[in-house]
Amino acid sequence: MTRAGGTRGALALLAATQLVMVMDTAVTNVALPSIGHDLGAGSAALSWVANAYLITFGGLLLLGGRGADLLGHRRVFTAGLALLAAASVAGGLAQTTGALVAARAAQGAGAALAAAAAFALLLLLFPDGPARHRALGAFAAMGGLGGVLGTALGGVLTDLLGWRSTFWLNVAAAAVLGLLALRLPAGGTRDAEPGFDLLGALTVTGGLGLVAYALVGHDPLAGAAGALLLAAFAVTETRTARPLVPPAVLRRPALRLAGGLGALAQMTLFPMFFLVSLYLQSVLGQSPLTGGLGLLPLSLVVVATAPLTGRLIGRLGLARTMTLGFVLLCAGTVWLALALRPHGTFATTVLAPSLVLGAALPLVMVTTNVAATAEATPEETGLASGLVNTGQQFGSVLGLAVVVAVATARTGTATPQAATAGFRAALLTGAAFAAAAALLSVRLGRPAPAPAPPRQDRVPDPR
């Protein structure tokens, strides 16, 4: 196989992994009512079927990325897929809510390892420049498509085969991806320095996990404990010989700014998907399947726009393309909020603004990822992946917690008018996040290229 053919095949595999990771969350969310009916679980217990995944996924992304640098990206990638498949088997066989929540937590751990290593592999295979921009565009396209496919597949599978079939779908997908991963092209990072920052790994994983738990469970004590662990992690990294996250990496201005902008993007985008689906079902009375398909036009625009993002970066520059993306994101979210009506239709409320949002999504996600990873050396690709994904994941969790609180505070009663008012206020809150990101993005300078790595005679197999 030629090198070009090998990299194209690897990109297809890694993009498919991104699709499966996003699709998994959407599929499970659609199946939650059926799970509750079958296992006799109330709404509080069902919330943890979703939240257990988010907590372990967010808590382990950074550790997974750095572990990939030390142990080998392909090895960690396949190990994550194996854990995801095993946990999905446990979920498909679960007879109690507790067993299902434990399985979902293990799924999140496997997904964190696989996602961090997959993104790091992409950075290794595609050096900074137009090729990486196109590859990140493919990632963005698959992420957008995964949300809609997951919603649609979740509805179909749950209706026809029952909710357990959604877990067996994960088993099949992880097995296929794991087998194909063995054919990933050779080449990878150079040898990492020996040793492992165990204390840093424990404090950052525990801290991030507790913060995620506090956000989704509204637990201030857990948040305080998580903040203390993260403070201990920060102190540890300045005193250990081989830190998990070298302080010099966090001092890079482009990485810090782009990481924050990526989090702000997800604080707008992730709640928007949730709110639109809920509006279509609870206010307009559409079925879960129809409500999910309502996001299909948005996803088609994402798929069409994502491959053009690299060309736009080359023409306008990275900072201007990013600002354009956030302006479109803000404008589309405001338009959507103002278009909502208690007795409207999909065509008159959601369709047109969703097309603007579909164009904005790849622009903001590709440009923030490019800016955040441009300065990473080959030995830091897993670390950069973990940092970028962690910021985006916590942006999603924080954004959802904030906008749901806003929507709940404004709703008051269960009438369509009150629900619409709540959704409108929540979307305008999301638009404020996008507006803040648009203003901050003008400060982004051109990231410095990654420094050349020291010459070494041996390049190990990344397995």
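The values are calculated or read from the model by the stated rules, or taken from the named source; none is laboratory data. Everything quoted here is computed from the prediction, not taken from an experiment. Virtual Cβ from ideal backbone geometry, glycine too; neighbours counted across all protein chains shown. Ligands, DNA and RNA are stripped out before the accessible areas are found, and what is left, the full protein with its side chains, is counted by its heavy atoms. Shrake-Rupley method; radii C 1.70, N 1.55, O 1.52, S 1.80 Å.
Things to note:
- Residue match in the range 253-274 (condition: open to solvent by 30 Å² or more (accessible area, probe 1.4 Å) and farther than 28 Å from LEU444 by Cα): yes
- Within the range 294-305, the set of residues being open to solvent by less than 10 Å² (accessible area, probe 1.4 Å) and modelled with pLDDT of 85 or more comprises LEU298, VAL302.
- Scanning the range 86-109 for residues that are under 22 Å from the mean Cα position of the chain (by Cα) and among the polar types (S, T, N, Q) yields a count of 2.
Quick grid of which residues meet (1) surrounded by 16 or more Cβ atoms within 10 Å (Cβ to Cβ); (2) at pLDDT below 80; (3) within 20 Å of PRO271 (Cβ to Cβ):
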| residue | (1), (2), (3) |
| --- | --- |
| LEU383 | yes, no, no |
| THR390 | yes, no, yes |
| ALA405 | no, no, yes |
| ALA414 | no, yes, no |
| ALA418 | no, no, yes |
| PHE423 | yes, no, yes |
| ALA431 | yes, no, yes |
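- Among the candidates ALA109, ALA103, the residue that is at pLDDT 85 or above, part of a helix (DSSP H, G or I) and open to solvent by less than 10 Å² (accessible area, probe 1.4 Å) is uniquely ALA103.
- Each residue in the range 326-350 was checked for being touching a residue at least 60 places away in the same chain (Cβ under 8 Å), open to solvent by less than 10 Å² (accessible area, probe 1.4 Å) and either part of a loop (DSSP other than H, G, I, E, B) or within 23 Å of ALA141 (Cβ to Cβ) (or both), and 6 pass.
- The C-beta contact set for the range 359-385 (first residue in contact (Cβ under 8 Å) with a residue 60 or more places away in the chain and over 19 Å from PRO253 (Cβ atoms), second residue acidic (Asp, Glu) and assigned to a helix (DSSP H, G or I), distance under 6 angstrom, 6+ apart or interchain) comprises GLY382/ASP69.
- Any hit, the range 77-96, residues being within 25 Å of HIS218 (Cβ to Cβ), surrounded by fewer than 21 Cβ atoms within 10 Å (Cβ to Cβ) and at pLDDT 90 or above: yes
- Test for LEU316: is it surrounded by fewer than 21 Cβ atoms within 10 Å (Cβ to Cβ) and at pLDDT 85 or above: yes
- Just one of (1) closer than 22 Å to LEU444 by Cβ; (2) assigned to a helix (DSSP H, G or I); (3) modelled with pLDDT under 85; (4) not acidic (Asp, Glu) fails for THR368. It is (3).
- Test: residue in the range 220-240 that is touching a residue at least 40 places away in the same chain (Cβ under 8 Å), open to solvent by less than 60 Å² (accessible area, probe 1.4 Å) and under 18 Å from LEU63 (Cα atoms): yes
- Of all residues in the range 115-138, those being within 16 Å of THR321 (Cβ to Cβ), in contact (Cβ under 8 Å) with a residue 12 or more places away in the chain and either open to solvent by 10 Å² or more (accessible area, probe 1.4 Å) or in a loop (DSSP other than H, G, I, E, B) (or both) number 5.
- Candidate set from the range 351-361 (those that are under 18 Å from PHE423 (Cβ atoms), in contact with a Gly (Cβ under 6 Å, 6 or more places away or on another chain) and among the hydrophobic types (A, V, I, L, M, F, W, C)); member that is surrounded by the most Cβ atoms within 10 Å (Cβ to Cβ): LEU357
- The residue that is modelled with the highest pLDDT, among those in the range 203-214 that are open to solvent by less than 40 Å² (accessible area, probe 1.4 Å) and either not in a helix (DSSP H, G or I) or not small (Gly, Ala, Ser) (or both), is THR203.
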